[in-house]
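S.K.: Once you've had a glance at the structure underneath, I'll fire off some questions.
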Protein chains: 2
Amino acid sequence: MAKGPPAEPKSRLRRAYVGLVIEVFRLNGDQLAVGNALGADLGLTSARWQVLGAISLSPVPLPVAHIARNMGLARQAVQYSVDEMRADGLVRLEPNPHHKRAMLVAMTEKGEAAYREASERHGRWAETLMADLPPERIEAASELLREVQRRIARSTATPATTGIKET
Amino acid sequence: MAKGPPAEPKSRLRRAYVGLVIEVFRLNGDQLAVGNALGADLGLTSARWQVLGAISLSPVPLPVAHIARNMGLARQAVQYSVDEMRADGLVRLEPNPHHKRAMLVAMTEKGEAAYREASERHGRWAETLMADLPPERIEAASELLREVQRRIARSTATPATTGIKET
DNA sequence: CGAAATTTGACAAAATCTTGTCATATTGAC
DNA sequence: GTCAATATGACAAGATTTTGTCAAATTTCG
């Protein structure tokens, strides 16, 4: 309307970054919805699927706190999912030779099957949907997201710069 | 342990996409933490900030349902944030000439100030942290994320393919 | 070894988000 | 204009996540 002062031009970097943040929020929401939809009839939600993923990726069974750290989730949120899945027979707790209280979380047969099926569905879904997207572009984007995470992690490790609290 | 059959090799596309999904989840978590930290003393959380962002981006005041759709959030989650922020004096409801019940959400002076300050902090923080990242790379990543979203949206619009439910 | 710091899960309270239902309002088809 | 379909906010019940506190177990350091 009125002309008003141009204020600060806002650097290209700044605009680019804020744009990225928004896209990440949105895609995150989409992915949760997709995950919930694909796993619904298997008794899986996106939250559960993430926990099973951590277990599956690790060569050895892990306690709850380790799963949380590996996936960047809150310890108690993982605990909640594990409790629920245990009640549903998807995971089982095994004694931990190295720690009396920190039991190891392992998938049951049922859990393995559900996770395998969900992964398979997700993979097929992705292959169909992203068929003509060059994998290089996807990989490049992933690499950038990783780089951004590295920088954020570095900054939170140096609270002097930003005042971001540690988790 | 045992050798077992090689199973399916899993295409590069598939691996790339699953990797992207994980990075998006993680970065999303980081961003929520950053947003909460940067806005804490302003009475803003990431959820609130997203709502104010929608208001700020729109040239005209919007009702709750529109804000939710614009940001890909659940209607009731936005309603919750708006109710809270109204109690805190960050937003205000204005009569909607076109709808008797759907009031328009507008920022109060206090809300404007908080949002402005939060944005400024976020911008400065991003500029410092991402200083030597080529904006082109960030923009390219955003563009890819947008493309992925377009494809997901297309697929949910065609439930025949996937069975994903509409929001 | 022994004390301090850290890690971990249990537990609980509170905050936030989701899901479902409902009445009202608006829009679109006819 | 009337009627069905859709959009919207209110409300409530439940699910999930967050935050705090605590005690036990482990690790670190002297």
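The values are calculated or read from the model by the stated rules, or taken from the named source; none is laboratory data. Small disclaimer: the values here were computed from a predicted structure and weren't measured. Cβ placement follows ideal geometry from the backbone for every residue including glycine, while neighbour counts extend to all protein chains displayed. Just the protein is used for accessible areas: all its heavy atoms, side chains included, with ligands, DNA and RNA removed. Shrake-Rupley method; radii C 1.70, N 1.55, O 1.52, S 1.80 Å.
S.K.: For residues in the range A:96-108 being more than 8 Å from DNA strand D (Cβ to nearest atom) and either open to solvent by 100 Å² or more (accessible area, probe 1.4 Å) or in contact (Cβ under 8 Å) with a residue 40 or more places away in the chain (or both), which is farthest from the other protein chains (Cβ to nearest Cβ)?
M.R.: Top of the filtered list is A:MET103.
S.K.: In addition: Please go through the range B:7-45 and pick out each residue that is within 16 Å of DNA strand D (Cβ to nearest atom), of a type outside the set (A, V, I, L, M, F, W, C) and in contact with a Leu (Cβ under 9 Å, 6 or more places away or on another chain).
M.R.: Within the range B:7-45, B:ARG26, B:ASN28, B:GLY29, B:GLY35, B:ASN36, B:GLY43, B:THR45 meet the criteria.
S.K.: Any chance you could count how many residues in the range B:1-21 are open to solvent by less than 50 Å² (accessible area, probe 1.4 Å) and either modelled with pLDDT under 85 or outside any loop (DSSP other than H, G, I, E, B) (or both)?
M.R.: Initially, the range B:1-21 is screened for residues open to solvent by less than 50 Å² (accessible area, probe 1.4 Å), giving B:4, B:11, B:13-14, B:16-17, B:19-21.
Cutting the leftovers down to either modelled with pLDDT under 85 or outside any loop (DSSP other than H, G, I, E, B) (or both) gives us B:4, B:13-14, B:16-17, B:19-21.
Residues that pass the stated criteria total 8.
S.K.: Based on this model, can you work out whether B:SER58 counts as within 15 Å of DNA strand C (Cβ to nearest atom), of a type in the set (Ser, Thr, Tyr) and closer than 25 Å to A:LEU20 by Cβ?
M.R.: So B:SER58 fails the test.
S.K.: Within the range B:46-81, which residues are farther than 22 Å from A:ALA33 by Cβ and within 10 Å of DNA strand D (Cβ to nearest atom)?
M.R.: B:LEU62, B:PRO63, listed by residue number.
S.K.: Also, I was wondering about something else. Is one or more of the residues making up the range B:24-34 assigned to a loop (DSSP other than H, G, I, E, B), within 13 Å of DNA strand C (Cβ to nearest atom) and either within 13 Å of chain A (Cβ to nearest Cβ) or free of Cβ contacts under 8 Å to residues at least 40 places away in the same chain (or both)?
M.R.: Within the range B:24-34, not a single residue is assigned to a loop (DSSP other than H, G, I, E, B), within 13 Å of DNA strand C (Cβ to nearest atom) and either within 13 Å of chain A (Cβ to nearest Cβ) or free of Cβ contacts under 8 Å to residues at least 40 places away in the same chain (or both).
S.K.: Test of understanding: among B:ARG116, B:ARG121, B:ARG137, B:ARG146, which residue is touching a residue at least 24 places away in the same chain (Cβ under 8 Å), part of a helix (DSSP H, G or I) and open to solvent by 30 Å² or more (accessible area, probe 1.4 Å)?
M.R.: B:ARG121
S.K.: Check whether at least one residue in the range A:132-146 is within 19 Å of the chain's Cα centre (by Cα) and on the phi > 0 side of the Ramachandran plot, and report yes or no.
M.R.: no
S.K.: Which of the residues belonging to the range A:65-95 are loosely packed, with under 14 Cβ neighbours inside 10 Å and on the phi > 0 side of the Ramachandran plot?
M.R.: Result: A:GLY89, single match.
S.K.: How many of the residues making up the range A:67-80 are within 12 Å of DNA strand C (Cβ to nearest atom) and under 14 Å from the mean Cα position of the chain (by Cα)?
M.R.: Residues meeting the conditions: 9.
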